[in-house]
Amino acid sequence: MRRLSLSRLATLAVVALLGTGCGVRPGSGHGRVLEALSKRPVPGAQVTVICEVASSWHGTTGIEHTAVTAPDGTYFIDPIDFRSCADIHGFARKPGYVPNDSFVTGVASSDKGIPAIIYVMTEPGAAQWQLDVIWRDTPVIPLQPGSTALGQFARLYRAFSESRRTANSPELAAWVRGRYCPLLRDTFALLSPAQRAALAHEEGFHAGADDYATEVLPYCTRPL
């Protein structure tokens, strides 16, 4: 599964649900901007809907239509001849929010409607969502001496390193510590000296026992 860094989440983007069966008709349309986790409306967001009308070796030509969401998160776009659009997509921007493009399903150009719903996330929500994805993608098996412990430590350390970079608040740092620190400690204790030395040569890992002492222990023991 492709993972997203928060730096790549810096520009609010795109469509999750499309204008099919939602009262959107060719020539005019409206939609809503919602916070992805709570499903609450996002007022005051700057919405841009782009009608892509041509594509050549020079690239795609797009006509932009903008609007600002009302207190209930709705936005209205001026009349557009959607039949001339080869593709239609939209995005929203508002300080304090970032996108989560796991919600992107693409645009069905045959529908010729504006996005019915554009999802965004609060910055803390996006960070927590990313941490959940990393944790879910990190298999943890019952600990036992041997090569299994070596492989598990390598997986945990990779996920721990990515998660601590993602955690941007004391609350999220505490979440990372609670998930990873006990597992890293117990798994590292099962490694033999030879296995600890071999960590630096683990494919795609490039870290060793020194990293446990200089990175894991300080992070797991310092006051939050």
- Task: Give just the number: which of (1) surrounded by fewer than 19 Cβ atoms within 10 Å (Cβ to Cβ); (2) within 30 Å of Arg40 (Cα to Cα); (3) modelled with pLDDT under 85 does Ile117 not satisfy?
- Result: (1)
- Note on the structure: Within region 175-194, restricting to residues that are assigned to a helix (DSSP H, G or I) and hydroxyl-bearing (Ser, Thr, Tyr), the one that is farthest from Ala159 (Cα to Cα) is Thr187
- Item | Residue identified as modelled with pLDDT of 90 or more, surrounded by fewer than 15 Cβ atoms within 10 Å (Cβ to Cβ) and either among the small types (Gly, Ala, Ser) or over 24 Å from Ala36 (Cα atoms) (or both) among Pro170, Pro142, Pro218 | Pro218
- Please determine, by comparing only the residues of region 74-94 that are surrounded by fewer than 21 Cβ atoms within 10 Å (Cβ to Cβ) and closer than 13 Å to Ile117 by Cα, which one is modelled with the lowest pLDDT. Phe91
- Query: So Leu12 fits all but one of (1) under 22 Å from Gly125 (Cα atoms); (2) modelled with pLDDT of 75 or more; what number is the exception?
  - Reply: (2)
- Condition check for Tyr157: more than 30 Å from Leu191 (Cα to Cα), touching a Leu at 6+ places or on another chain (Cβ under 8 Å) and at pLDDT 85 or above: no
- Query: In this structure, does Gly151 turn out to be at pLDDT 75 or above and not assigned by TED's automatic domain parsing to the domain that holds Leu172?
  - Reply: no
- Message: Within region 128-143, does at least one residue satisfy the condition of being in contact with a strand residue (DSSP E or B) (Cβ under 7 Å, 6 or more places away or on another chain) and farther than 15 Å from Val216 by Cα?
- Response: yes
- Message: Given (1) crowded, with 17+ Cβ neighbours inside 10 Å; (2) within 18 Å of Leu217 (Cβ to Cβ); (3) within 15 Å of the chain's Cα centre (by Cα), identify the lone condition not met by Phe153.
- Response: (3)
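The values are calculated or read from the model by the stated rules, or taken from the named source; none is laboratory data. Please read these numbers as outputs of a predicted model, since none were measured by experiment. Neighbour counts run over all protein chains shown; Cβ positions are idealised from the backbone, glycine included.
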